[in-house]
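Below is one structure, written out as structure tokens; comments come after it.
The values are calculated or read from the model by the stated rules, or taken from the named source; none is laboratory data. On a predicted model such as this, the values are computed, not experimentally measured, just so you know. All Cβ positions, even for glycine, are placed from backbone atoms using ideal geometry, and neighbour counts span all protein chains on display. These area figures cover heavy atoms from the full protein model, side chains too; ligands, DNA and RNA do not enter into them. Shrake-Rupley method; radii C 1.70, N 1.55, O 1.52, S 1.80 Å.
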Amino acid sequence: MAFVGSAVFGGKDLGRVQKNVRIQSMGAYMVSPGIQIGKPKTQIGKPKTNIGGGSTSTEVEQQAKKQRPKPKYKTDADEIPMYKVILLGDEGYDEVHVTTQLMKIIPKFTSDEASRVFREAQNTGSSIVCVVNKEHAEFYAQQLRRQEIFVVVEEDK
């Protein structure tokens, strides 16, 4: 007696049975001599995707993608209101003091920019120092006021 697949056969039929039996990995099982049952064609799991370009997604997934609204991306300008820090002109200012304090308090502010802002404020009465978000604008204004430099914070429209 020998085991072939899941059936037990006598020694004399073994030669004929071996010819009729396919290997299990090829897709058939032997139940009795001459009768074969195929593997089920359905598989449980995720659908296979085609690496060459497209994917084999179901029709329901495709409809769901079409019906889903596209999200609107917000930019920083859309959600954060900006504020202007305005230097007010005053005859009592010392140009060296104002320019050095502007360069210390406001990052990336050069001496040329500080001098230009100071002269504009003295000539016209006010000059925009920078336009930033509210938190930064209030911080810069507070630091400049501590140095006795008059500034105003206004919302940029």
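Within the range 114-127, can you find the residues that are open to solvent by less than 80 Å² (accessible area, probe 1.4 Å) and out of contact with any Ser or Thr (no Cβ under 9 Å at 6 or more places or on another chain)?
Matches in the range 114-127: Gln122, Gly125, Ser126, Ser127.
Taking Glu138 as the residue in question, decide whether it is charged (D, E, K, R), more than 18 Å from Asp94 (Cα to Cα) and modelled with pLDDT of 95 or more.
The answer is yes for Glu138.
So which residues in the range 99-120 are of a type outside the set (Val, Ile, Thr) and within 12 Å of Val85 (Cα to Cα)? Lay out the reasoning, then the answer.
As a first pass, look at the range 99-120 and keep what is of a type outside the set (Val, Ile, Thr): 101-104, 107-109, 111-116, 118-120.
Selection gives Leu102 alone.
Taking the range 135-153 on its own, how many of its residues are within 33 Å of the chain's Cα centre (by Cα) and either surrounded by fewer than 12 Cβ atoms within 10 Å (Cβ to Cβ) or not in a helix (DSSP H, G or I) (or both)?
Final tally of qualifying residues: 1.
Out of the range 81-113, which residues are assigned to a loop (DSSP other than H, G, I, E, B) and surrounded by 14 or more Cβ atoms within 10 Å (Cβ to Cβ)?
Correct list: Gly89, Tyr93, Ile106, Phe109.
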